[in-house]
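Novice: Please read through the structure below; I'll follow up with questions.
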C-alpha cells in the first residue's frame with residue numbers, strides 16, 4: 001500500500017535519547033538531538049514557537065527550533081522528499097529553514113539524530129538557512145526509508161514590526177511513493 005499522509009509524522013525534538021523513546025511536549029525545548037514521541041499539532045497556535053514579546057520584537061530576536069519529519073510507513077521509502085515554506089503571514093516575523101547535517105537516520109537511533117543547541121537563541125553550527133517558498137526551490141531531503149527521520153531546523157527572526165495576531169508559517173514536506 002502506498003505511503004499516505006497519515007504515515008508522515010512531524011515530531012518535536014528532545015535532548016535525551018534514544019530517538020522515539022521520550023515524550024517532550026514543550027515546543028520551546030525542541031532544541032535538537034533526538035526525535036521525541038510528541039507530535040506537532042497542526043494548525044495550532046504556538047505549536048513550535050511561543051509569542052514574540054514586545055522586547056523581543058524591538059530587539060529583532062532570533063530563535064531556533066528543531067523538529068523531525070518521520071516516515072512511519074511499515075515498509076516503503078518516501079522518495080525525493082522536499083521541504084519548503086508554503087505560506088507565511090505577511091508583516092510579522094521572518095522564517096527560514098535548514099536541514100540538519102546529520103541527515104536521514106533510524107527513528108530509534110541511540111546516536112544523536114540532530115545537532116543540539118544550548119538554548120533557543122543559539123544557532124546550530126554549519127546549517128545553511130534559506131526561505132524557499134515553492135517545491136521547486138525547496139530543500140531536497142532525498143529519500144526517507146521506512147522508520148527513518150530527518151531533522152529540520154527553523155529560524156524565526158522578529159522584525160520590529162507592528163503587533164501581529166496569528167503570525168506564523170506553514171512548512172510543507174512532499175515526496176513520492178511506490179504504489
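Novice: How many residues does the range 112-162 contain that are part of a strand (DSSP E or B) and at positive phi?
Specialist: Qualifying residue count for the region: 1.
Novice: Determine the pairs where a residue that is touching a residue at least 60 places away in the same chain (Cβ under 8 Å), located within the range 44-70, has a partner that is in a helix (DSSP H, G or I) and surrounded by fewer than 22 Cβ atoms within 10 Å (Cβ to Cβ) with Cβ atoms under 7 Å apart, the partner being 6 or more residues away or on another chain.
Specialist: 48/27; 49/27; 65/27
Novice: Next question. For the range 94-106, indicate whether the set of residues that are within 17 Å of residue 30 (Cβ to Cβ) and in a loop (DSSP other than H, G, I, E, B) is non-empty.
Specialist: Checking the range 94-106: at least one residue is within 17 Å of residue 30 (Cβ to Cβ) and in a loop (DSSP other than H, G, I, E, B).
Novice: While we're looking at this one, here's another question. Looking at (1) free of Cβ contacts under 8 Å to residues at least 60 places away in the same chain; (2) under 17 Å from residue 155 (Cβ atoms); (3) surrounded by 20 or more Cβ atoms within 10 Å (Cβ to Cβ), which is the only condition residue 97 fails?
Specialist: (1)
Novice: How many of the residues in the range 28-39 are surrounded by fewer than 19 Cβ atoms within 10 Å (Cβ to Cβ) and closer than 21 Å to residue 72 by Cα?
Specialist: 3
Novice: Tell me whether the range 151-166 contains one or more residues that are surrounded by fewer than 20 Cβ atoms within 10 Å (Cβ to Cβ) and more than 30 Å from residue 51 (Cβ to Cβ).
Specialist: The answer is no, given that none of the residues of the range 151-166 is surrounded by fewer than 20 Cβ atoms within 10 Å (Cβ to Cβ) and more than 30 Å from residue 51 (Cβ to Cβ).
Novice: Tell me which residues, restricted to the range 40-65, are in contact with a helix residue (DSSP H, G or I) (Cβ under 9 Å, 6 or more places away or on another chain), over 20 Å from residue 98 (Cβ atoms) and surrounded by 13 or more Cβ atoms within 10 Å (Cβ to Cβ).
Specialist: If the condition is that a residue be in contact with a helix residue (DSSP H, G or I) (Cβ under 9 Å, 6 or more places away or on another chain), over 20 Å from residue 98 (Cβ atoms) and surrounded by 13 or more Cβ atoms within 10 Å (Cβ to Cβ), then 50 is the only one that fits.
Just so you know, all these numbers are worked out from the coordinates, no wet-lab data involved. Keep in mind the model is a prediction, meaning the values are calculated, not measured. Note that each Cβ is placed from the backbone with ideal geometry, even for glycine, and that neighbours are counted across all protein chains shown.
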